[in-house]
1. Quick check on this structure: which one of 72, 42, 64, 59 is of a type in the set (Val, Ile, Thr) and over 14 Å from the mean Cα position of the chain (by Cα)?
2. Could you list, ordered by first residue, the pairs with Cβ atoms under 6 Å in which the first is in the stretch 1-20 and within 15 Å of residue 44 (Cβ to Cβ) and the second is aromatic (Phe, Trp, Tyr) and at pLDDT 95 or above, at least 6 apart or interchain?
Amino acid sequence: LREMGRSISHARGYVTARMATQEEARLLDLELPVALLVESRVIYDTLDRPVERTETAYVASRWVIDTGTYRVAEYAD
């Protein structure tokens, strides 16, 4: 990407839930019906142009979302 004059700047993504397709169930060794968590993400360069788009399916029963909140030390009282 650098040779093309592009630098990664940021990404935007979201997670949704949906039922697995037959093909996904086969690939993930699952029995239907089964729910998946699906992450969609787009990575952008410094000019806000998309560089990469991904969609990743996770077996809901095998995935944990860490929603921890942390306080940055420099802003601590």
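The values are calculated or read from the model by the stated rules, or taken from the named source; none is laboratory data. The structure presented is a predicted model; accordingly, all values stated were derived computationally and were not measured. Methodologically, a virtual Cβ is constructed for each residue, glycine included, from the backbone with ideal geometry; neighbour enumeration extends over all protein chains shown.
1. Details: 42 fails: over 14 Å from the mean Cα position of the chain (by Cα); 64 fails: over 14 Å from the mean Cα position of the chain (by Cα); 59 fails: over 14 Å from the mean Cα position of the chain (by Cα).
Sole residue among the options that is of a type in the set (Val, Ile, Thr) and over 14 Å from the mean Cα position of the chain (by Cα): 72.
2. Pairs that qualify, where the first residue is within 15 Å of residue 44 (Cβ to Cβ) and the partner is aromatic (Phe, Trp, Tyr) and at pLDDT 95 or above, are 9/44; 10/44.
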